[in-house]
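Trainee: Below is one structure. I have some questions about it.
The values are calculated or read from the model by the stated rules, or taken from the named source; none is laboratory data. Keep in mind that what you see is a predicted model, and the values were worked out from it rather than measured. All Cβ positions, glycine included, derive from the backbone under ideal geometry; neighbour counts span all protein chains shown. Ligands, DNA and RNA are stripped out before the accessible areas are found, and what is left, the full protein with its side chains, is counted by its heavy atoms. Shrake-Rupley method; radii C 1.70, N 1.55, O 1.52, S 1.80 Å.
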Amino acid sequence: MKSIRTLILACTVAAVAGCSNSYLDDTNSVDLGGSGVGGAAGSSADPRSPAYFQEAIGDRVLFAVDQSTLDDAGRVLLTAQADWLMSNTDYTAVIEGHADEQGTREYNLALGARRANAVREYLVSRGVSGARLKTVSFGKERPLEICSAESCYAKNRRAVTVLAGGLTG
Amino acid sequence: MTRFLLCFLLGWAFVAHSAAAQDGGPLRIEITEGVIEPMPFAVPDFVPDSPAATEVASQIARVIAADLAGTGLFREIPAEAHIGRVSDFNAPIQFADWKAINAQALVTGAVSSSGDRVTVRFRVWDVFSGAELGNGLQFAGSRDGWRRMAHKVADAVYSRITGEGGYFDSRVAFVSESGPKNDRKKRLAIMDYDGANVQYLTDSASIVLAPRFSPSGDRVLYTSFETGFPRIYVLDVGKVQRRVLESKEGTMSFAPRFAPDGQTVVFSLEQGGNTDIYIMDITSGGTTRLTSSPSIDTAPSYSPDGSRIVFESDRSGTQQLYIMPASGGDAKRISFGQGRYGTPVWSPRGDLVAFTKQNKGRFHIGVMRTDGREERLLTASFLDEGPTWAPNGRVIMFARETKGARGETTLYTVDITGRNLRPVRTPGGASDPSWSPLQN
């Protein structure tokens, strides 16, 4: 369990560091104004900070080709996300579903929606209020990695939990 | 007057067979199975009635020649090879001069200019019989509209020689793309079918996807992330005014297309991760659900008579094509080949469905009959996607994306025989084309 967690953390940090964060441009998520990796606020040393959520817990899960089912690693990570959201109730989240480029545009939009919803349903099953969780799909419109190879595709088939402003907002 | 032969279609193949004019038959391109031999033609510069019309007279002739040559059915004999000169539109044609260079068809014309008004007259000649094809015609319009007049002449020439409707006086809505793959800027744009007169309809602040023309070409439906979530918009092309269509909170609406009535919109609505097909009255916003399966049902497209809808669904486990009545109900699968099938588009003639196929890591644009028979793949590449039909149902435009980090998107046209694959010149990257009907 611990080794899996460490591995996920390492992968996540690598993915975040290599990311321009541009996929956030078109969402209505609130810019939390932080200077941390990927733009999340606060220090990852502070377990209540979005930076901690993004870096230490991990903000994304990955999917197999044309699939939207969560694997074991994904469920472990999302359990931690749910725990964090349960104890940091000021935050809402938009779950962004994405697909790799191997697919037609509209199908990939629908596939991204399936992935985002798989994450949402899991978080709700772990006790997070559905009212705090929105979903959106970007299909194949916002790849993180741009090579045309499985090494990149694997990172693009993702659902990212993007923290947003408070419930009152 | 020699009438050109009406061409008979054998099946749906569109293959040019050059005229047997030397044998004494009338000038024609017969659309049948056979070997392509493009018909040689000449379009000398049109005769200007004044120095002010000289430039536009030449430009119009160039656009007509480009339209005809671009079909792959005709081959232009360039001006350098011409022996004859046409300096008076009404003087008798010296056919020997055109026979000598083997021009089978000759298009002559005159342009008069008065203030902002331009009038174009033209005639089409069967060089080897010395007869005129059809009657002389003229088009008038503003000087700015000279390209449209040229396209109208080319449509008339194409139509007289092939017996088919033309497609040159038409426009294409598309998504203009710039920037790297991981930060791609997309703008809705519209242009003439040949890439001229590009006009941008949105800025690049939001992702826009898949514009679709209305049946009369006056409006475009498209999907935008303007609110952060995919929503369908309808845009008045002339006024460049848009409005969002009704949608429910917590849902994603996308993949819109007009019904032939121009009043109903068929689209996909996603709720809780499941995507189904709905229709909406564009005025009242009233919606009706057409599919309800736990699968991705999307990319709907009406038959030209409005009675049926072809769409894609992964209800069988992979993306496949289905046809259902326009009111919903039993959907019949029509794609059974290897691989996955998506983005079906019903042809304007009603006889074929164009689609994107994925098989063994390659993408293809293809066509099949509406019962799924006679599947034919027209293209193959790393990523070909999103076919749209020319108004005459003979040519398909689609987007091709190249591989890798520097991958770029380009629009291409291809004949439904799979011949004459050509890029469409656009100012930058371009995807998601939608071909308008012929303009009035």
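Trainee: If R0 is 25 Å, what FRET efficiency do you get for A:ASP83 and B:GLN271 from their C-beta distance, rounded to 0.05?
Mentor: The formula returns an efficiency of 0.35 here.
Trainee: Whenever you get a sec, compute what percent of the accessible area on the range B:171-435 sits on carbon and sulfur atoms (1.4 Å probe). Show your work: numbers first, answer last.
Mentor: On the way: 4310 of 9560 Å².
Carbon plus sulfur share of accessible area: 45 percent.
Trainee: Relative to the Cα centre, what is the charge dipole magnitude of the protein assembly as shown, using +1 at the beta carbon of each Lys and Arg, -1 at the beta carbon of each Asp and Glu, and rounding to the nearest 20 debye?
Mentor: Working: 65 positive and 67 negative charges, 135 e Å.
Magnitude of the dipole: close to 640 debye.
Trainee: Highest mean first, what order results for B:366-372, B:129-135 on Cβ atoms within 10 Å?
Mentor: Numbers: B:366-372: 18.9, B:129-135: 16.0.
The densest-packed peptide leads the list: B:366-372, B:129-135.
Trainee: In addition: Just counting partner chain Cβ atoms within 10 Å, what average do the residues of peptide B:183-190 show around their Cβ?
Mentor: Across the residues of B:183-190, the mean count of other-chain Cβ atoms within 10 Å is 2.
Trainee: To continue, here is another question. So, by mean Cβ neighbours within 10 angstrom, what's the order for B:250-257, B:138-145 with the highest one leading? Mind showing how you got there, number by number?
Mentor: Values: B:250-257: 23.4, B:138-145: 14.4.
Those peptides, ordered most packed to least, come out B:250-257, B:138-145.
Trainee: How crowded by other chains is B:265-277, given as the mean number of beta carbons from other chains within 10 Å of each beta carbon?
Mentor: Numbers: counts 0, 0, 0, 5, 0, 9, 2, 6, 16, 4, 8, 1, 0.
Taking the mean over all residues of the peptide, I get 4.
Trainee: Counting protein heavy atoms only and a 1.4 angstrom probe, how many square angstrom of accessible surface do chains A and B bury in total, to the nearest 100?
Mentor: 3300 Å²
Trainee: Quick one: net charge around B:THR388, please, counting Lys, Arg +1 and Asp, Glu -1 for every other residue with C-beta under 12 Å from its C-beta.
Mentor: Here the charged neighbours net out to +1.
Trainee: Counting partner chain Cβ atoms within 10 Å of every residue's Cβ in B:219-228, what's the average?
Mentor: Mean partner shielding for this stretch: 3.
Trainee: How high is the relative contact order of the range B:16-162, given as a whole-number percent (alpha carbon pairs under 8 Å, six or more residues apart)? Write out the running numbers ahead of the final one.
Mentor: On the way: 289 pairs, mean separation 36.2, N = 147.
The normalised contact order for the range B:16-162 reaches 25 percent.
Trainee: Using Cα pairs closer than 8 Å and at least 6 residues apart in sequence, work out the relative contact order for chain B, in percent.
Mentor: 10 percent
Trainee: Just from its helices, what would the mean residue ellipticity at 222 nm be for chain B, if runs of 4 or more DSSP H residues each count -39500 (n - 2.57) and the sum is divided by every residue, rounded to the nearest 500 deg cm²/dmol? Kindly include the intermediate steps, with their values, before the conclusion.
Mentor: Working: 3 runs with 40 residues, N = 440.
Estimated from H runs of four or more residues: -3000 deg cm²/dmol.
Trainee: Same structure again: Tally Lys/Arg at +1 and Asp/Glu at -1 over every other residue whose Cβ is under 12 Å from the Cβ of B:GLY428; what's the total?
Mentor: Charge balance near B:GLY428 sits at +3.
Trainee: I would also like to ask the following. Under a 1.4 Å probe, what is the accessible area of chain B per residue, stated in Å²?
Mentor: So chain B comes to 39 Å² accessible per residue, rounded to a whole number.
Trainee: Something else now. Please report the spacing between the Cα centers of the range B:55-85 and the range A:49-113 in Å, no decimals.
Mentor: 57 Å
Trainee: Given H placed on each backbone N at 1.01 Å, which residues far from B:GLY404 in sequence or on other chains put an amide H within less than 5 Å of it?
Mentor: Those lying under 5 Å, H to H, from B:GLY404 are A:SER148.
Trainee: Among B:VAL234, B:THR283, B:GLY317, whose Cα lies farthest out toward the positive end of the dipole of the range B:223-344, if unit charges sit on the beta carbon of Lys, Arg (+1) and Asp, Glu (-1)?
Mentor: B:GLY317
Trainee: Moving to a separate point now. Here is the link list: A:LYS155/B:LYS357; A:LYS155/B:LYS360; A:LYS140/B:LYS239; A:LYS134/B:LYS239. Which ones come out longer than 28 Å on Cα distance?
Mentor: Violating the 28 Å Cα-Cα cut-off are A:LYS140/B:LYS239; A:LYS134/B:LYS239.
Trainee: Can you tell me what share of the DSSP beta bridges in the range B:16-162 is antiparallel? A percent to the nearest 5 is fine.
Mentor: Values: 20 of 27 bridges.
Close to 75 percent.
Trainee: According to a simple spin-label model (label point 7 Å from Cα along Cα-to-Cβ), what is the distance in nm between B:SER307 and B:ASP281?
Mentor: The two pseudo-label positions are separated by 2.4 nm.
Trainee: Name the shape class, rounded, prolate or oblate, that the alpha-carbon gyration tensor gives for the range B:171-435, where a ≥ b ≥ c are the square roots of its eigenvalues, rounded holds for a/c under 1.5, and otherwise prolate holds if a/b is larger than b/c and oblate otherwise.
Mentor: rounded
Trainee: What is the distance in Å between the Cα centres of the range B:242-287 and the range B:289-313?
Mentor: 12 Å
Trainee: Turning to a different aspect of this structure: Round to a whole angstrom and tell me the spacing of the C-alpha centers of the range B:109-129 and the range B:319-397.
Mentor: Here the two parts' Cα centres lie 41 Å apart.
Trainee: Given B:ILE416, B:THR264, B:LEU245, which one lies farthest toward the positive end of the charge dipole of the range B:171-435, if we put +1 on the Cβ of every Lys and Arg and -1 on the Cβ of every Asp and Glu?
Mentor: So the residue furthest toward the plus end is B:ILE416.
Trainee: Kindly tabulate the residues in the range B:399-427 with an accessible-area decrease of at least 30 Å² between the chain alone and the assembly of all protein chains, using a probe of 1.4 Å.
Mentor: B:ALA405
Trainee: Take B:ILE101, B:ILE60 and sort them by solvent-accessible surface of the protein heavy atoms, 1.4 Å probe, largest at the top. Write out the running numbers ahead of the final one.
Mentor: Values: B:ILE101 30, B:ILE60 0 Å².
The ranking, largest first, comes out as B:ILE101, B:ILE60.
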